[in-house]
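J.: One structure is given below, represented as structure tokens, and several questions about it will come after.
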């Protein structure tokens, strides 16, 4: 399974990667609490996903990147996550945070901000849960030197954010390789989010710009 970033064009997905809609489920306060899986997309050995945000057939590419002259220049660092992350050590867990990957899913605020809770004894389960639900892997909770990672199938989720009223990023799960347009591989991780609105300043990864530009995702 592989996702290839093409020059100023779509993501080319190969290896029969399953894909489904994934919605952020909120509580009565509007706080992000869990993920709700939606319908599956038709199975295919390969397919192309829109990267510019202008396709009329989202999430698939329809060639609109050529019409709008999309600039898909990749600006993300090639350094491994741990080389980009800040570390915060609490009494029970360590929390690492790489802000450049933030996809603005807001799970880190659900029951109190993870950065504050990690400093409070007895909050380890909450911190671990908030970090694990972060789709981009910006946050990772660690216990005894090992990351607390959710078990995620190798798959793609097309994120929808009903509370913010926007379409979110492409959620890549389960350690699928993402290859740059220059042929180099990004660090393989359990969870990353790729930009599909075209506005990220950390391409190919999402930086939350879909919220700022009110990307509909449909």
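Nothing in this text is a laboratory measurement; each read-out follows from the coordinates by a stated rule. Just so we're clear, the structure is a prediction, and the values are computed from it rather than from any experiment. Using ideal geometry, Cβ is built from the backbone for each residue, glycine included, and neighbour counts are taken over all protein chains shown.
J.: Which of 28, 85, 43 moves most in a GNM of the chain, Cα contacts under 10 Å?
T.: Residue with maximal mean-square fluctuation among 28, 85, 43: 28.
J.: May I ask for the distance between the Cα centers of the stretch 149-218 and the stretch 74-146, given as a whole number of Å?
T.: Here the two parts' Cα centres lie 17 Å apart.
J.: Can you sort 60, 11 by how many other beta carbons sit within 10 Å, fewest first?
T.: 60, 11
J.: Grab the Cα-Cα distance for residue 75 and residue 187, subtract it from 0.36 nm times how many residues apart they are, and report the gain in nm with one decimal.
T.: So the chain would gain 38.9 nm between residue 75 and residue 187.
J.: Just grab the label-to-label distance for residue 180 and residue 100, each label 7 Å out from Cα along the Cβ direction, in nm (one decimal).
T.: Modelled inter-label distance: 1.0 nm.
J.: Just checking my list (i) 58, 52, 39; (ii) 51, 47, 26; (iii) 54, 39, 30 against Cα extents along the principal axes in Å computed from this structure; which label fits?
T.: This structure yields the entry labelled (iii).
J.: Related question: May I ask you to compute the full-extension gain from residue 125 to residue 66, defined as 0.36 nm times their residue separation minus their alpha-carbon distance, rounded to one decimal in nm?
T.: 16.5 nm
J.: At a Förster radius of 30 Å, what calculated FRET efficiency corresponds to the Cβ-Cβ distance of residue 2 and residue 40, to the nearest 0.05?
T.: Step by step, r from the Cβ atoms, then E = 0.90.
J.: When a footprinting reagent is the concern and you count Cβ atoms within 10 Å, what order do 118, 13, 172 take, fewest first?
T.: The order, fewest Cβ neighbours first, is 13, 118, 172.
J.: Test of understanding: in a Gaussian network model of the chain with alpha carbons linked when under 10 Å, which of 111, 62, 182 would top the mean-square fluctuation ranking?
T.: So, out of 111, 62, 182, the one fluctuating most is 182.
J.: Suppose the chain between residue 20 and residue 152 were pulled fully straight at 0.36 nm per residue; how much longer would it get relative to their current alpha carbon spacing?
T.: 46.2 nm
J.: Determine the calculated [θ] at 222 nm for the chain from helices alone, applying -39500 (n - 2.57) to every DSSP H run no shorter than 4 residues and normalising by the residue count; nearest 500 deg cm²/dmol.
T.: The helix-only estimate for the chain comes to -2000 deg cm²/dmol at 222 nm.
J.: Quick check for you: which residues of the stretch 71-109 have the amide N under 15 Å from the point 7 Å beyond the Cα of residue 144 toward its beta carbon?
T.: The answer is 92-94, whose backbone nitrogens lie closer than 15 Å to the label point.
J.: Also: Once every Cα of the stretch 81-147 carries one equal point scatterer and solvent is ignored, give the base-10 log of I(q)/I(0) from the Debye formula at q = 0.18 Å⁻¹, two decimals.
T.: Result of the Debye calculation: -0.55.
J.: Anyone know which of 116, 58, 203 comes out most mobile in the 10 Å Cα GNM of the chain?
T.: 116
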